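**Q** This is the structure I want to talk about, given as structure tokens.
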Amino acid sequence: MKRRTSRVLTLAVATATLSAAATVAAFAETPQYCDGLVCLKDGTRFGAPAEAFPAQSEPGAVSATQIVEDCAAAQVSSQSFSCGFYPYSDPQTVGYGPWKRLTSDYVNCYGGNNQNNLNWSSSSTYTTTNSVTVSSSVEVGLSELFKATFSAQYARTWGTAEGETQSFSSYVPRGKKAHLQHRYQKQQASGVLWIDYGETGNQPGQGYGHHYYAITDFTATSPVKNEDEHVDDQVSMSSPKAAQSDDCS
């Protein structure tokens, strides 16, 4: 099967084929969730993972990136198309992300006491991400879609958040070097992202030959927020390592 066969891509698991006339009549219909895919009233089922779409939009098939970008645009401004998300389940907490560096290495070459402490006091902004690589501006629209999709309990906790401002200090032993690092807790939701293009032209915001597309196993990730809409930002010192001779030159 060719990756870019447009009909297979658009109706990846079709149980019925729409005629041209039926397509024109059906495109205003909101697809329904059907066992991991989406479907129309006539029984047509469709959806494909992001990797099955072409890298760039072309006649007969739109790229997964454009679907996501267009879907995000529909959340923040009036468009001639609509989209939605059917989650497989409520968001699930997936633990803390990897430690990320906050400071450059502090090198303690000569010993000492308080003057050799690492000091840090700040807060960070944590954003949402998804399984199709897009710009940060697109993520804003996707966050709005997820807020509208989940129950009120999750709508209050989904989306970009600020970390709590924290202070942290730790002594670096003589002859060692270390840096401060942080991480935060994440939540994820997976499901089917669908779009219904009003036009089938070969331009952004159009369906490149078809009205309906759906990305299966679409995953979005958000920081876990507290009731005050902030994130618990864990801060620690990295494991001290031996300083090198050129660190103290």
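The values are calculated or read from the model by the stated rules, or taken from the named source; none is laboratory data. Note that the structure is a prediction, hence the values are computed from the model and not measured. Here the Cβ positions follow ideal geometry from the backbone for every residue, glycine too, while neighbour counts run over all protein chains shown.
**Q** If you go through segment 209-249 one residue at a time, how many are more than 30 Å from SER80 (Cβ to Cβ) and either within 23 Å of the chain's Cα centre (by Cα) or part of a strand (DSSP E or B) (or both)?
**A** 17
**Q** Looking at (1) at pLDDT 90 or above; (2) in a helix (DSSP H, G or I), can you tell me which one GLN188 breaks?
**A** Here GLN188 clears every test but (2).
**Q** For segment 41-65, which positions are surrounded by fewer than 23 Cβ atoms within 10 Å (Cβ to Cβ) and either part of a helix (DSSP H, G or I) or touching a Cys at 6+ places or on another chain (Cβ under 8 Å) (or both)?
**A** If the condition is that a residue be surrounded by fewer than 23 Cβ atoms within 10 Å (Cβ to Cβ) and either part of a helix (DSSP H, G or I) or touching a Cys at 6+ places or on another chain (Cβ under 8 Å) (or both), then ARG45, ALA50, GLU51, ALA52, THR65 are the ones that fit.
**Q** Read through the list (1) out of contact with any Asp or Glu (no Cβ under 7 Å at 6 or more places or on another chain); (2) modelled with pLDDT under 90; (3) surrounded by fewer than 21 Cβ atoms within 10 Å (Cβ to Cβ), then give the number of the only condition that LYS241 fails.
**A** (2)
**Q** Here is a follow-up. Looking only at segment 199-232, which residues are over 24 Å from LEU102 (Cα atoms), in contact with a strand residue (DSSP E or B) (Cβ under 8 Å, 6 or more places away or on another chain) and among the small types (Gly, Ala, Ser)?
**A** Passing the criteria: GLY207, GLY209, ALA214, ALA220.
**Q** Something else: Among the residues that make up segment 91-104, is at least one of them of a type outside the set (A, V, I, L, M, F, W, C), farther than 17 Å from GLY205 by Cα, crowded, with 18+ Cβ neighbours inside 10 Å and at pLDDT 85 or above?
**A** Yes, because at least one residue in segment 91-104 is of a type outside the set (A, V, I, L, M, F, W, C), farther than 17 Å from GLY205 by Cα, crowded, with 18+ Cβ neighbours inside 10 Å and at pLDDT 85 or above.
**Q** Another question, if that's okay. Cβ-Cβ distance below 7 Å, separation of 6 or more or different chains: which pairs start in segment 220-249 with a residue that is under 20 Å from ASP90 (Cβ atoms) and end on one that is in a helix (DSSP H, G or I)?
**A** ALA220/LEU142; ALA220/PHE146
**Q** Counting only residues that are assigned to a loop (DSSP other than H, G, I, E, B) and touching a Ser or Thr at 6+ places or on another chain (Cβ under 9 Å), which one in segment 110-130 is modelled with the lowest pLDDT?
**A** Once the filter is applied, the top-ranked residue is SER123.
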